[in-house]
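The values are calculated or read from the model by the stated rules, or taken from the named source; none is laboratory data. In this text, all values refer to a predicted model and were calculated from it rather than measured experimentally. Positions of Cβ are generated from backbone atoms using ideal geometry, with glycine treated the same way; all protein chains shown enter the neighbour counts.
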Amino acid sequence: MMRKGRLAAFFLLLLAACSKTEEVQEETLPAPATLRILSESVALTPGGEAYAEFRISPFETQVNSDTGGDRCSISVLNVTGEEVSYFTVSRVEPAGSDYSDKGTYRVFLKDALAKISYNQRCRVIYKDAFGRVISSDAFNVTCKCDELTQSLLDTGLPLLRIDTEGKVEPTCEYVSHPEGCNGAGIKNAVKVPGELTLMKGDNILHSTGPFKKDESGMTLKIRGNTSAYGAKKPFKIKLQKKKDLLCRGDESKYKDKDWLLLYYDDLRMLAGTEVNRKLGIQWTPSFEFVNLVVNGDYRGIYLLCEAVERNERCRLNVSESGYVIEYDAYWWNEDVHFTGGWNYSMEYTFKYHEDDEVTGAQIKYIQDYIQKVETSVKAGDYDKYIDVLSFARWLLGHDVLGILDCAGSNYFLTKYDNTANSKLMMANMWDFDSIYRMKDSWSNTHNWGANYFTTLLRSPNTTFKDTYIALWESQSVGLCKTLSAFMKSFVNSETGRALDASIPLDNKRWRASHPTVEQSVATSREWFDTRGQWLDAAITALK
């Protein structure tokens, strides 16, 4: 019994010693550091960066400057202890190298482009080497647009802001046509990397983030032919990740990498695409009016628009083995082109496949098919090779709009695949700069011998002419009345009012003289209100 009592006493002493050791260890921990905010507030701009200064005592306290560690780390939370979503902590740096700066740091905050303006009450949080959490006194983090951005958002139009790396502007070389050809164009258009932010009202609709190849950001380059010669340039945007920049609510359907910025055209594209849609042409490009700022410089009103390209979900419905080609007056400025022999001044170029991807076999296939088409148009058995209704719709659209242009009016054509099951189709209409120009006359495309339409209309095989006439009779004068009413409704729409607020800014920037929305609509309505009667008589005379 005495032996057992001694053992029990020994264990009690050992336990007390362990407890005493822990107490001693706890007592030897250094006192927690203290934090003091030196900045009462931090003012951010959308996408911008700013810092708050804080002082930590004692100044020998370790701080994890990469903000990513579990110990000695710095974070910023709101006063309720919740994480903030409007900005991130990008880095922590010592405030200076002088002895007087010891213990003073700058925590850099980067706006996350989640909301255009906000006011957050926050604290700096320090997690020390022992896992203890120390918080500072509170300070404000605010975000507010710069004056230019806010004035453009106040118009009501979406604002597209593009910032290129190093503020480098895209460039190109200007070239004239070789002897025997037509037109003027550009070459060696330089793609400039950067990032894009789309805003409206108080919301960030999309931000690509900085450029990282195949991951984030975008590239910007000048596009077009003669349109690229003006001071106000058209551009092409290529996203590194697919996105629907028109924000239609269905990313799986509408996302794409390729987008265009076309300069404002006094509502011509609005009218032209509505004609395209009403006639049931296979695809109608969608677009949105935006104010554009590039590297802090206001560039005016643009049309943010889908590019003409293959996309089976939402653009031209062409299979991987199919083709999108253009009957092109500017063929001489492309690396890959071919001719069917119809007209010396026009050849075919590729929209799909890309010039650097198309194979010799693919070129030969579509060239042989085009030669069959052209032979059949002359012979009168064309309906074996072309989709007659698509050709009739395309021509009628040009006649409804009275388009002056012909050689440069963008004849896009598609073939769904490389089998005999698909025929050549006219794609969407494009380039509406010269609409409303052929009063009491056919469009120039209607009578221009360098395309197929004159021959098709005069062919002994009347399938094309009959289809064209039947298409008009199914629409008749009511089509033009509908178009007139559509344009009228735009005047007081949200977009129409936002455009009216933006047009004076564009006019000032480019010393231009764009009319008001109401004036542009009046021009359209005057055309459509009389065009239906003229077409009705002219098409009746074709019978």
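If the condition is being under 26 Å from the mean Cα position of the chain (by Cα) and under 13 Å from Lys278 (Cα atoms), then region 479-493 contributes only Phe486. Name every residue in region 515-543 that is over 30 Å from Leu395 (Cβ atoms) and outside any helix (DSSP H, G or I), in order of residue number. Passing the criteria: only Thr516.
Results for (1) under 30 Å from Leu261 (Cα atoms); (2) among the small types (Gly, Ala, Ser); (3) over 35 Å from the mean Cα position of the chain (by Cα), shown as yes or no for each residue.
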site	(1), (2), (3)
Lys423	no, no, no
Ala427	yes, yes, no
Arg437	yes, no, no
Thr445	yes, no, no
Gly449	no, yes, yes
Thr454	no, no, yes
Ser459	no, yes, yes
Tyr468	no, no, yes
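Whether a residue is in contact with a Phe, Trp or Tyr (Cβ under 8 Å, 6 or more places away or on another chain), in a helix (DSSP H, G or I) and not polar (S, T, N, Q) was assessed, and Arg509 passes this test. For region 256-294, the set of residues classified as surrounded by 17 or more Cβ atoms within 10 Å (Cβ to Cβ) and either among the acidic types (Asp, Glu) or closer than 25 Å to Lys213 by Cβ (or both) consists of Asp256, Trp259, Leu260, Leu261, Asp265, Asp266, Glu274, Glu288, Leu292, Val293, Val294, listed by residue number. Screening the candidates Val124, Val141 for the property of being within 30 Å of Asn295 (Cβ to Cβ) and buried (at least 19 other Cβ atoms within 10 Å of the Cβ) yields one hit, Val141. One residue stands out in region 204-244 among those that are hydrophobic (A, V, I, L, M, F, W, C) and assigned to a strand (DSSP E or B): the one that is farthest from Asn410 (Cα to Cα), namely Ile204. Taken over region 252-303, the criterion of being over 21 Å from Asp433 (Cα atoms) and among the hydroxyl-bearing types (Ser, Thr, Tyr) is satisfied by Ser252, Tyr254, Tyr298.
When Val324, Val308 are checked against the criterion of being closer than 30 Å to Ala420 by Cβ, touching an Asp or Glu at 6+ places or on another chain (Cβ under 9 Å), modelled with pLDDT of 95 or more and not in a strand (DSSP E or B), a single residue qualifies: Val308.
A quick yes/no check of all residues on (1) part of a helix (DSSP H, G or I); (2) of a type in the set (Gly, Ala, Ser); (3) touching a strand residue (DSSP E or B) at 6+ places or on another chain (Cβ under 6 Å):
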{"residue": "Met429", "(1), (2), (3)": "no, no, no"}
{"residue": "Asp433", "(1), (2), (3)": "no, no, no"}
{"residue": "Ser441", "(1), (2), (3)": "no, yes, no"}
{"residue": "His446", "(1), (2), (3)": "yes, no, no"}
{"residue": "Asn451", "(1), (2), (3)": "no, no, no"}
{"residue": "Leu456", "(1), (2), (3)": "yes, no, no"}
{"residue": "Leu471", "(1), (2), (3)": "yes, no, no"}
{"residue": "Ser476", "(1), (2), (3)": "yes, yes, no"}
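The residue pairs whose first member lies in region 245-270 and is closer than 22 Å to Asn317 by Cα, whose second member is assigned to a loop (DSSP other than H, G, I, E, B) and of a type in the set (D, E, K, R), and whose beta carbons are closer than 6 Å, counting only pairs six or more residues apart or on different chains, are Glu251/Asp244; Lys253/Arg313; Tyr254/Asp244; Tyr254/Arg248; Lys255/Asp244; Asp258/Glu309.
Under the condition of being surrounded by 19 or more Cβ atoms within 10 Å (Cβ to Cβ) and either in a loop (DSSP other than H, G, I, E, B) or of a type in the set (A, V, I, L, M) (or both), the residues counted in region 334-350 number 3. For region 81-115, the set of residues classified as in a loop (DSSP other than H, G, I, E, B), free of Cβ contacts under 8 Å to residues at least 12 places away in the same chain and either in contact with a Lys or Arg (Cβ under 9 Å, 6 or more places away or on another chain) or within 22 Å of Arg55 (Cβ to Cβ) (or both) consists of Gly81, Gly96, Ser97, Asp98, listed by residue number. When residues in region 131-148 are screened for being more than 18 Å from Phe54 (Cβ to Cβ) and part of a strand (DSSP E or B), 1 of them pass. Would you check if there is a residue in region 256-275 being out of contact with any Lys or Arg (no Cβ under 9 Å at 6 or more places or on another chain), assigned to a loop (DSSP other than H, G, I, E, B) and of a type outside the set (D, E, K, R)? There is at least one residue in region 256-275 that is out of contact with any Lys or Arg (no Cβ under 9 Å at 6 or more places or on another chain), assigned to a loop (DSSP other than H, G, I, E, B) and of a type outside the set (D, E, K, R).
So that you can scan it fast, the table gives a plain yes or no per residue for (1) of a type in the set (Ser, Thr, Tyr); (2) modelled with pLDDT under 65; (3) within 22 Å of Lys144 (Cα to Cα):
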site: Phe11; (1), (2), (3): no, yes, no
site: Thr34; (1), (2), (3): yes, no, no
site: Pro58; (1), (2), (3): no, no, no
site: Thr61; (1), (2), (3): yes, no, no
site: Ser65; (1), (2), (3): yes, no, no
site: Gly81; (1), (2), (3): no, no, no
site: Pro94; (1), (2), (3): no, no, no
site: Gly103; (1), (2), (3): no, no, no
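Do we find that Ser117 is assigned by TED's automatic domain parsing to the domain that holds Tyr302 and surrounded by 13 or more Cβ atoms within 10 Å (Cβ to Cβ) in this structure? For Ser117, the condition - assigned by TED's automatic domain parsing to the domain that holds Tyr302 and surrounded by 13 or more Cβ atoms within 10 Å (Cβ to Cβ) - is not met. Scanning region 245-255 for residues being exposed (fewer than 14 other Cβ atoms within 10 Å of the Cβ) and part of a loop (DSSP other than H, G, I, E, B) gives a total of 3. Condition check for Ser85 on (1) polar (S, T, N, Q); (2) surrounded by 15 or more Cβ atoms within 10 Å (Cβ to Cβ); (3) within 40 Å of the chain's Cα centre (by Cα): one failure, at (2).
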